[in-house]
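> Quick one: the structure is below, and I'll ask about it shortly.
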Amino acid sequence: MNTTAPFAIAYNFDYDRFTKPDLQTKAKFTLGSFFGFVRQTFDGLLEIGRSLQDFYLDCLAFCPNGKKVFSEWLASPDFGASRYIASSAMEIYAWFEKLPVRSQKLIRQNVQNWSVSALRQLTKVSHDLVKELVRSGKKTAAQVKQESGSEGAREKGNKQAPSTEVSQTPALPTAELAPGMRIVVKEDKAGWNGHSGIIMSKREGEFWVLLDHTVSQGMEVKHLLKPHQIEPEAQQPVKKANSQELFTAVDVEQKIADAISSISFANAQYNREKAESEQGRFIEIRDAALQAAKREIQAAQEYSRAISAMSFANAQKTKICSHNLQRKRMNYNQQNNVTF
């Protein structure tokens, strides 16, 4: 692996905080190795993750407040936008080291040219899905995430298979629908049939419903549905027939607060993952540009050397021709006794 940075590094971090000269030297060497590495293979990413992890352990062992100093170094301008690749490399290396040897071999054979974002998403899926994904060709981060979501939905469906008792539970009468109740959509022409959600409020005999699917997309859009378009979830316990109020005002407020909290969390998660994905794409584009620039510089240097060699050869040839001409002239003069 090339460990020479393709440009001069300007140090902004206070390396005296590593306290020991050998740690300071290792920090700068690790940083130089990192920038000298333009990610082309999975093995290269593992190597940079290993070196960063090794230095992190040295900081914990030999530097006061080593964890804090290392974290602030990684977040410093010395790494800049590349801190995404650095942290991802450490995360991917730690995950890879815990895998069985056969799985490691399988992954190495199939993911050498995957993007950093896709590899990071791969660390979040199950072992069986990892093997399935890497065998089926190169994947993007979005594709890995989609497969992970599908797997999660299947597992959730298996765990929530309704029992005989629940399936025989009669549906609540439409008159008992109320804010805070979990419902399932039916008879909807907009395509929401079968989707679950929660009633947020009631307006003139219709209900504002926040669907789980909408929340999972990081949105807060509510749908206005008529009573015949929704029914209580089958998993909802049956209330007494003479009960006119399923939830108290406090219960409704708590459920609405929980729904809003879920929306906020989903939004934050969506924004963070989107930012990481965008940063990953930027880093890969930048690294590809650096690699192309490096090749152009090498080609220019080779061309310059070729021109210099050609010029030197021409100069030598001219020098030899001049020398030969001078010798011929001297011989002619001697043979004809020409004097000046």
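> Assuming Glu187 fulfils every condition listed in (1) open to solvent by 70 Å² or more (accessible area, probe 1.4 Å); (2) out of contact with any helix residue (DSSP H, G or I) (no Cβ under 7 Å at 6 or more places or on another chain) apart from one, which condition is it?
Glu187 satisfies all of (1) open to solvent by 70 Å² or more (accessible area, probe 1.4 Å); (2) out of contact with any helix residue (DSSP H, G or I) (no Cβ under 7 Å at 6 or more places or on another chain) except (2).
> I'm trying to understand the selection: among the residues of the stretch 46-70, which are part of a helix (DSSP H, G or I) and open to solvent by less than 30 Å² (accessible area, probe 1.4 Å)?
Leu46, Ile48, Gly49, Ser51, Leu52, Phe55, Cys59, Gly66, Val69, Phe70
> In addition: One residue is enough: does the stretch 32-42 have a residue meeting the conditions within 17 Å of the chain's Cα centre (by Cα), surrounded by fewer than 16 Cβ atoms within 10 Å (Cβ to Cβ), at pLDDT below 90 and under 18 Å from Thr123 (Cβ atoms)?
Yes, the conditions are met somewhere in the stretch 32-42.
> Kindly provide the set of residues from the stretch 291-340 that are closer than 30 Å to Thr41 by Cβ and open to solvent by less than 100 Å² (accessible area, probe 1.4 Å), ordered by number.
Of everything in the stretch 291-340, those that are closer than 30 Å to Thr41 by Cβ and open to solvent by less than 100 Å² (accessible area, probe 1.4 Å) turn out to be Gln291, Ala292, Ala293, Lys294, Ile297, Gln298, Ala299, Ala300, Gln301.
> Within the stretch 140-151, track down each residue that is assigned to a helix (DSSP H, G or I) and farther than 8 Å from Gln121 by Cβ.
Ala142, Gln143, Gln146, Glu147, Gly149, Ser150, Glu151, listed by residue number.
> Something else about it: When you check Ala241 against the structure, is it assigned to a loop (DSSP other than H, G, I, E, B), over 30 Å from Gln146 (Cα atoms) and modelled with pLDDT under 80, yes or no?
In short, yes.
> Condition test on Val144, is it surrounded by 18 or more Cβ atoms within 10 Å (Cβ to Cβ) and under 20 Å from Arg50 (Cβ atoms)?
Against the criterion (surrounded by 18 or more Cβ atoms within 10 Å (Cβ to Cβ) and under 20 Å from Arg50 (Cβ atoms)), Val144 does not qualify.
The values are calculated or read from the model by the stated rules, or taken from the named source; none is laboratory data. Note that the coordinates shown come from a computational prediction; the quantities given were computed from them, not determined experimentally. We place every Cβ from the backbone using ideal geometry, glycine too, and count neighbours over all the protein chains shown. Side chains are part of the model used for accessible areas, which takes the heavy atoms of the whole protein and leaves out ligands, DNA and RNA. Shrake-Rupley method; radii C 1.70, N 1.55, O 1.52, S 1.80 Å.
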